[in-house]
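The values are calculated or read from the model by the stated rules, or taken from the named source; none is laboratory data. Keep in mind the model is a prediction, meaning the values are calculated, not measured. A quick note on method: Cβ atoms are made from the backbone with ideal geometry, for glycine too, and the neighbour counts reach across all protein chains shown.
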Amino acid sequence: MADLMLFLQRDDIPVLLQCALAHAQFETIRPFADGNGRTGRALIHAILRNKGLASHIVPPVSAGLLHETDQYFAALTAFREGDAAPLVSVFTQACQFAASSGTELITQLEAQLAHTKQLLAGVRRDAAVWRVLPHLAAQPIINSQYLRSAVGLTKPQAERALKTLARVGALTARNSAKRNVVWEHRGILDVLDAYAAGLQRQ
């Protein structure tokens with residue numbers, strides 16, 4: 001582990017190559033009784049963040065590695081036998097998968113928000129509902145309390161915003177309660193569900 005920590009401090013090799021080798025070395029050491037796989041994949045994202053390649057997002061590189069598990073495990077075996085080339089190839093493919101799938105996800109989420117804006121076309125531009133819109137991609141399930149705490153709306157503003165979004169068909173109720181109704185943006189949830197399904201192991 002000491003050698004691995006020293007390797008992580010180096011700045012004279014490409015970051016993605018450093019990620020691939022550090023991940024494989026950690027998976028070879030396997031310092032814990034359980035959770036080595038999850039920790040090793042989390043290490044990738046920690047390196048990307050530390051090196052400034054992904055300071056505001058978490059690209060799904062680990063999901064890319066697990067997208068083709070047989071190829072991934074074969075590459076780890078080859079690494080342990082002294083051949084790092086298959087690992088670098090698999091890691092490169094995982095990064096490409098992360099970039100392409102992440103870009104497609106952003107495109108689809110933007111399309112959902114654009115559609116919601118169209119639904120709100122007749123609403124006054126100073127209405128509180130417009131302050132809610134940017135939050136929906138990250139939080140497609142909301143209620144009045146969330147809008148008050150996260151968006152800073154008053155209770156009347158939050159209630160009006162939710163009613164407006166429901167009236168135009170952007171939100172639907174998840175429960176039948178008269179108070180504390182929970183609302184969802186079904187279009188955004190469908191996009192996220194499809195994205196998650198595409199990340200499943202093969």
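Working carefully through the options 188, 142, find the one that is in contact (Cβ under 8 Å) with a residue 60 or more places away in the chain and buried (at least 17 other Cβ atoms within 10 Å of the Cβ).
Answer to the selection: 188.
Looking at 102, 198, 187, which is the one that is at pLDDT 95 or above, of a type in the set (Gly, Ala, Ser) and under 26 Å from the mean Cα position of the chain (by Cα)?
None of the other options fit; the residue is 187.
Just give me the residues in the stretch 128-184 being among the β-branched types (Val, Ile, Thr) and either closer than 18 Å to residue 111 by Cα or modelled with pLDDT of 95 or more (or both), in sequence order.
Step one: list which residues in the stretch 128-184 are among the β-branched types (Val, Ile, Thr), which gives 129, 132, 141-142, 151, 154, 164, 168, 172, 181-182.
Matches in the stretch 128-184: 129, 132, 141, 142, 151, 154, 164, 168, 172, 182.
Spot the failing condition for residue 183; the list is (1) surrounded by 15 or more Cβ atoms within 10 Å (Cβ to Cβ); (2) farther than 30 Å from residue 63 by Cα; (3) in contact with a Lys or Arg (Cβ under 9 Å, 6 or more places away or on another chain), and only one is missed.
(2)
Would you point out the residue of the stretch 132-171, among those that are polar (S, T, N, Q) and in a loop (DSSP other than H, G, I, E, B), that is farthest from residue 187 (Cα to Cα)?
As a first pass, look at the stretch 132-171 and keep what is polar (S, T, N, Q): 139, 143-145, 149, 154, 157, 164.
Then drop every residue that is not in a loop (DSSP other than H, G, I, E, B), which leaves 139, 143, 154.
Values: 139: 12, 143: 17, 154: 26 Å.
Taking the candidates together, the pick is 154.
Out of curiosity, is residue 172 of a type in the set (Ser, Thr, Tyr) and crowded, with 19+ Cβ neighbours inside 10 Å?
So residue 172 fails the test.
Kindly check whether there is at least one residue in the stretch 52-69 that is within 22 Å of the chain's Cα centre (by Cα) and either among the basic types (Lys, Arg) or assigned by TED's automatic domain parsing to the domain that holds residue 183 (or both).
no
Can you run down the residue pairs with Cβ atoms below 7 Å, 6 or more apart or on separate chains, where the first is in the stretch 18-34 and within 19 Å of residue 74 (Cα to Cα) and the partner is not in a helix (DSSP H, G or I)?
Partner pairs satisfying both residue conditions: 21/84; 29/1.
Which is of a type in the set (Ser, Thr, Tyr), over 30 Å from residue 68 (Cα atoms) and touching a residue at least 12 places away in the same chain (Cβ under 8 Å), of 164, 154? Talk me through it step by step, then tell me what you get.
Values: 154 fails: touching a residue at least 12 places away in the same chain (Cβ under 8 Å).
None of the other options fit; the residue is 164.
Keeping to the stretch 36-49, report how many residues are more than 20 Å from residue 97 (Cα to Cα) and either among the acidic types (Asp, Glu) or at pLDDT 90 or above (or both). Don't jump to the end; show me each part of the working.
From the stretch 36-49, those more than 20 Å from residue 97 (Cα to Cα) are 36, 39; that's our starting set.
With either among the acidic types (Asp, Glu) or at pLDDT 90 or above (or both) added as a condition, the list becomes 39.
Counting residues in the stretch 36-49 that are more than 20 Å from residue 97 (Cα to Cα) and either among the acidic types (Asp, Glu) or at pLDDT 90 or above (or both) gives 1.
Taking the stretch 1-16, which residues are more than 18 Å from residue 39 (Cα to Cα) and in contact with a helix residue (DSSP H, G or I) (Cβ under 8 Å, 6 or more places away or on another chain)?
Correct list: 10, 15.
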